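To start, the structure under review is shown below, and the notes come after it.
The values are calculated or read from the model by the stated rules, or taken from the named source; none is laboratory data. Keep in mind it's a predicted model, so treat the numbers as computed, not measured. We place every Cβ from the backbone using ideal geometry, glycine too, and count neighbours over all the protein chains shown.
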Amino acid sequence: MSLDVQGIGRRLLAGVGTVIVGKAAEIELCIVALLCHGHVLIEDVPGTGKTMLAKALARASGCSFERVQFTPDLLPGDVTGVSVYNPTTRSFEFRPGPIFAQVLLADEINRATPKTQSALLEAMEETQVTLDGVTHTLPTPFIVLATQNPIELGGTFPLPEAQVDRFLLKVRLGYLPGTEEVAMLDRFQISSPIDRLQAVTSPDELLAAQAACRTVHCDAALKEYCVRLVQRTREHPDVALGASPRGALGLLHASQARAALSGRDYVLPDDIKDVAQHVLAHRVVLRPNAELRGLTAPAVVESVLATEAVPMAGRRLA
């Protein structure tokens with residue numbers, strides 16, 4: 001791995017960090033998703049900086065950006081685009097929608113109907129959109145940053161499991177400690193720092209970094225560890241639906257990106273453990289009786305991580 005992926009990550013972290021206060025770990029998770037062709041679901045209560053984080057990452061990455069405010073009356077064509085008849089040429093012309101951007105902010109995604117939510121499925125998995133039998137390739141790199149509010153559920157449509165499974169990571173921001181909230185007030189007192197944020201990388205550099213992350217070595221024992229963690233979520237007695245094979249692949253790719261951001265060309269067990277909670281928990285569906293007992297999906301993943309034996313593997317031998 002000759003490309004300085006760690007340097008790219010540090011520039012992005014520093015750039016976004018000039019806007020978002022005290023959330024370095026969450027910013028790094030978004031960078032991990034960007035480096036391994038993944039998408040991020042940012043879930044938290046209003047006012048915690050979900051939208052601001054997405055906008056800051058888009059601006060710092062130097063990628064084209066579009067924002068869609070998801071509402072119940074939003075149609076699939078409002079996201080993907082439509083074919084419009086041109087009377088001059090007597091033919092239909094495709095007018096691309098906002099999804100044809102490198103960074104798409106799907107704001108309050110759970111407020112749109114399932115039909116509109118499904119418009120993102122093909123784009124998120126295959127980086128393309130098919131309309132009227134014609135396939136249109138999306139620009140690369142391509143990432144969807146979706147936000148949702150877990151508290152205000154009136155007029156919302158829960159994301160189907162197929163949609164949730166396409167998000168590589170789920171991130172929660174939470175409230176700031178008192179001193180950091182004061183720092184946020186200072187930073188935003190006169191104007192928003194996002195107005196001064198400049199791109200610190202380019203799409204071409206990000207594409208090269210994505211390719212470099214895929215070459216990071218992962219020992220066979222660690223790949224088996226990833227699979228065992230995923231299988232344990234399926235076998236758990238309180239789980240109705242465990243993590244999918246896509247989750248296992250996401251765990252591998254996220255750990256590779258995590259290693260690259262640490263300046264290594266090999267994966268360590270800690271890389272897998274660092275990202276496992278964010279990759280797996282949102283893919284776990286609990287049984288109703290488990291939810292009534294107060295059990296949560298993150299707690300299930302935590303118990304799996306605590307009880308599964310960690311292999312002694314890592315650096316590739318010369």
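Looking only at residues that are basic (Lys, Arg) and in a helix (DSSP H, G or I) in region 253-288, which one is farthest from residue 35 (Cα to Cα)? Steps first, please.
As a first pass, look at region 253-288 and keep what is basic (Lys, Arg): 258, 264, 273, 283, 287.
With the extra rule that they be in a helix (DSSP H, G or I), the set shrinks to 258, 273, 283.
Details: 258: 9, 273: 18, 283: 21 Å.
Filtering first and then ranking leaves 283.
Criterion applied to 171, 129 was being aliphatic (A, V, I, L, M), within 24 Å of residue 241 (Cβ to Cβ) and either touching a strand residue (DSSP E or B) at 6+ places or on another chain (Cβ under 7 Å) or not assigned by TED's automatic domain parsing to the domain that holds residue 30 (or both), and the one residue passing it is 171.
Answer yes or no as to whether residue 250 is surrounded by 18 or more Cβ atoms within 10 Å (Cβ to Cβ), at pLDDT 95 or above and farther than 20 Å from residue 7 by Cβ.
On the way: surrounded by 18 or more Cβ atoms within 10 Å (Cβ to Cβ): yes; at pLDDT 95 or above: yes; farther than 20 Å from residue 7 by Cβ: yes.
Judged against the criteria, residue 250 is a match.
Here's a check for you: in region 58-92, which residue that is of a type in the set (Val, Ile, Thr) and assigned to a helix (DSSP H, G or I) is nearest to residue 23 (Cα to Cα)?
Of all residues in region 58-92, those of a type in the set (Val, Ile, Thr) come to 68, 71, 79-80, 82, 84, 88-89.
Of the ones still in play, those that are also assigned to a helix (DSSP H, G or I) are 79-80.
On the way: 79: 30, 80: 32 Å.
Within region 58-92, the match that is nearest to residue 23 (Cα to Cα) is 79.
Hey, can you tell me all the residues within region 164-178 that are at pLDDT 90 or above and assigned to a helix (DSSP H, G or I)? Selection gives 164 alone. Checking each residue in region 22-57 for being modelled with pLDDT of 90 or more and assigned to a loop (DSSP other than H, G, I, E, B) picks out 23, 36, 37, 38, 39. If I filter region 98-110 for residues that are surrounded by fewer than 17 Cβ atoms within 10 Å (Cβ to Cβ) and farther than 22 Å from residue 34 by Cβ, do I get at least one hit? Checked region 98-110: no residue is surrounded by fewer than 17 Cβ atoms within 10 Å (Cβ to Cβ) and farther than 22 Å from residue 34 by Cβ.
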